[in-house]
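So the structure is just underneath, and the comments pick up after that.
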Amino acid sequence: MDGLDLIKTFRAVAERRSFSRAALAMGVSKATASKHVAELEARCGVRLLNRSTRALSLTDAGQVLLERSTQLVESAERTLAELQEFGGTPRGRLRMTAPSGLANEWLTGVVSDFMAQYPEVSISIDFTNRDVDLVEEGIDIALQGGRIPDLNAIVRRLAPVRLVLCASPAYWARRGLPKVPEDLQRHEFLRFSLMAAHHIELQRDGQPYLVPMQSRMDCNEPAALIELALRGAGMIVAPVFLAKPHLERGALVPVFEDWMPTDVWIYAAYSQRRYNSAALRLMLDFLVRSMDAVAL
């Protein structure tokens, strides 16, 4: 039995000077109330109540516990009430992480709208391209991009992400446009360093098609890789939503568009399925609804 519950039982008995009346008030049996007080006395190693067939009275130790536990019980009940509010009312701080490539109008718009609607919620966002440990780092929601991993975390899919393999016109002019996937092996690949594999994964008829690649340049920042590609340093695989402005003006030219993987997602990961705060649940809903107006 929890120590606080034992103290509550003792207080009910002490205030009413009766196990029967205390048990009735608490909705338990007289035997249960007596057992709880006896367990508390055993834990304390001291008698708290003087018992006779006709009356109960407090020992000196019982009087001290009755007086000093008032503030303890009130504080605990206030705390429990506040915690219950976290589950029903959006409040408190929501800690999130997201890839640096999502530091854009979409996510800032979601956060702005959410804060306007729920003024009691504060938000901290760490833009990082590294893997995060949700539990160890105290992260409520981690926005991530890629294939859905087989992790202990719970995942909410937000939107599929289109990928593009591209390079600058100057680079293709210098090195030649690849005609078949195997031609890619003689090209310079600018690699996202958090990708463990040293190959480009294409997809044909739903099946993966791996092209081994050598890379002289890797980086953990997608925006820097795009800039390098614009300067003709090599070819990259990038999300369309990051490369789109350069694709539209012809500064980057795609190849093998029909061969790109289709199982890449923007998703939200969180550590527990049950007992999440109202702020976390509502933010997930906000993220899902916002995707209706975003093309990734």
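The values are calculated or read from the model by the stated rules, or taken from the named source; none is laboratory data. Fair warning: this is a prediction, and the values are worked out from it, not measured in the lab. Positions of Cβ are generated from backbone atoms using ideal geometry, with glycine treated the same way; all protein chains shown enter the neighbour counts.
Please work out if Leu225 is under 30 Å from the mean Cα position of the chain (by Cα) and either among the polar types (S, T, N, Q) or outside the structural domain of Asp285 (by TED's automatic domain parsing) (or both). It is true that Leu225 is under 30 Å from the mean Cα position of the chain (by Cα) and either among the polar types (S, T, N, Q) or outside the structural domain of Asp285 (by TED's automatic domain parsing) (or both). Looking only at residues of the stretch 1-31 that are polar (S, T, N, Q) and surrounded by 15 or more Cβ atoms within 10 Å (Cβ to Cβ), we find that the one that is nearest to Ala76 (Cα to Cα) is Thr9. Note on the stretch 156-190: among residues that are aliphatic (A, V, I, L, M) and part of a helix (DSSP H, G or I), the one that is nearest to Tyr209 (Cα to Cα) is Leu184. Considering each residue of the stretch 23-31 in turn, none proves to be closer than 17 Å to Ser69 by Cα, in a helix (DSSP H, G or I) and not hydroxyl-bearing (Ser, Thr, Tyr). Of all the listed residues (Asp126, Asp140, Asp218, Asp131), the sole one being outside the structural domain of Pro99 (by TED's automatic domain parsing) and either among the acidic types (Asp, Glu) or closer than 24 Å to Asp285 by Cα (or both) is Asp218. May I ask you to list pairs of residues, at least six apart or on different chains, whose Cβ atoms are under 9 Å apart, with the first in the stretch 231-258 being in the same structural domain as Gly206 (by TED's automatic domain parsing) and the second being β-branched (Val, Ile, Thr) and assigned to a loop (DSSP other than H, G, I, E, B)? From the stretch 231-258, the pairs are Pro239/Val161; Pro239/Val264; Val240/Val161; Phe241/Val161; Phe241/Val294. Taking the criterion of being of a type in the set (Val, Ile, Thr) and surrounded by 15 or more Cβ atoms within 10 Å (Cβ to Cβ), the residues of the stretch 106-131 that qualify are Val110, Val111, Val121, Ile123, Ile125. For the residues Ser193, Ser215, the requirement of being modelled with pLDDT under 90 and touching a Phe, Trp or Tyr at 6+ places or on another chain (Cβ under 6 Å) singles out Ser215. Looking only at the stretch 69-80, decide whether some residue is of a type outside the set (A, V, I, L, M), surrounded by 12 or more Cβ atoms within 10 Å (Cβ to Cβ) and either in the same structural domain as Met283 (by TED's automatic domain parsing) or at pLDDT 85 or above (or both). There is no residue in the stretch 69-80 that is of a type outside the set (A, V, I, L, M), surrounded by 12 or more Cβ atoms within 10 Å (Cβ to Cβ) and either in the same structural domain as Met283 (by TED's automatic domain parsing) or at pLDDT 85 or above (or both).
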